[in-house]
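Accompanying notes for the structure given below.
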Amino acid sequence: MDTEITIANLSKRYGKTIALDGVSLHIKSGLYGLLGQNGAGKTTLMRILATLLPKSEGSVSVGGFDISQAKDIRRIIGYLPQEFSFYPSLRVREALDYLGLLSGMSNDERKTRIPDVLRCVNLYEDRNKRVKALSGGMKRRLGIAQAILHDPRILIVGEPTAGLDPVERIHFREMLAALAEGRTVIFSTHIIEDIEKTCGRLAVLNRGALVFNGELADFIGSEDSMEAAYIRAIGEA
């Protein structure tokens, strides 16, 4: 099962604005961090990988499929953007059942898969709650549930801990680490601590350019903190 992503000289332009500038990455299975400030190009990169945004230049392969094979790629990836929503009056199980139906899952598949997914994200006991009654952290977990409902090989998650309290952030990081067993999980964030606590490998984007790609230990190097290493990386860009 191919879970790798290969990106070569990827660029994205909006008129004269360059959102991504010649980015090259090779992402293997496991939890991979994508770090950068707001406006660094993280969301643009994730949307291209999710086949929601066309590239301007370069080549991209996702799970063995060229980025032009959008239907094939969408079958093997799960995507959770920073901003997402559900129908607030639906119950948790109803929301997942509706999304599974829209994605083409059969009745038997949904009946079997939904309870398993809700247990995975620790929402099974809350399956009859209405979406509008969920806390911010619970809504994030429901977002992950919809992203993994079809058991994707590759999971792309944008800013999942933004706005969560410290305890929820820890729980969310632990959940992502567990989900990375046997699949590729790209974890995009501007929160340095989240990358430091979870990811052995990372890429750092700054104003659309790739300023680091490799092991966390190499990124920190001789600096005394992750924050100092990040300031050095974007300062040298």
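The values are calculated or read from the model by the stated rules, or taken from the named source; none is laboratory data. All of these numbers come straight from a predicted model, not from anything done at the bench. Every residue, glycine as well, gets a Cβ built from its backbone with ideal geometry; the counts of neighbours run over all protein chains shown. SASA here: full protein model, heavy atoms, side chains in, ligands and nucleic acids out. Shrake-Rupley method; radii C 1.70, N 1.55, O 1.52, S 1.80 Å.
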Out of Arg113, Arg93, Arg119, Arg74, I need the residue that is assigned to a helix (DSSP H, G or I), under 30 Å from Leu205 (Cβ atoms) and without any contact (Cβ under 8 Å) to a residue 60 or more places away in the chain. Which one?
Arg74
State whether the residues of region 73-91 include one that is among the β-branched types (Val, Ile, Thr) and more than 24 Å from Met1 (Cβ to Cβ).
no
Note on region 122-142: residues assigned to a loop (DSSP other than H, G, I, E, B) and either at pLDDT 95 or above or among the charged types (D, E, K, R) (or both) are Arg127, Asn128, Lys129
Which members of region 143-156 meet the condition of being of a type outside the set (Val, Ile, Thr) and assigned to a helix (DSSP H, G or I)?
Gly143, Ala145, Gln146, Ala147
Return the only residue of Tyr98, Tyr124, Tyr87, Tyr79 being aromatic (Phe, Trp, Tyr) and touching a residue at least 60 places away in the same chain (Cβ under 8 Å).
Tyr79
In region 152-173, which residues are open to solvent by 30 Å² or more (accessible area, probe 1.4 Å) and within 19 Å of Tyr32 (Cβ to Cβ)?
Arg153, Arg169
Name the one entry in Lys129, Lys111 that is over 24 Å from Tyr32 (Cα atoms), touching a strand residue (DSSP E or B) at 6+ places or on another chain (Cβ under 9 Å) and of a type in the set (Lys, Arg).
Lys129
Failed criterion for Ile67 (all others in (1) free of Cβ contacts under 8 Å to residues at least 40 places away in the same chain; (2) open to solvent by 60 Å² or more (accessible area, probe 1.4 Å) hold)
(2)
Per-region count, region 91-116, residues under 18 Å from Gly143 (Cβ atoms), surrounded by fewer than 19 Cβ atoms within 10 Å (Cβ to Cβ) and β-branched (Val, Ile, Thr):
0
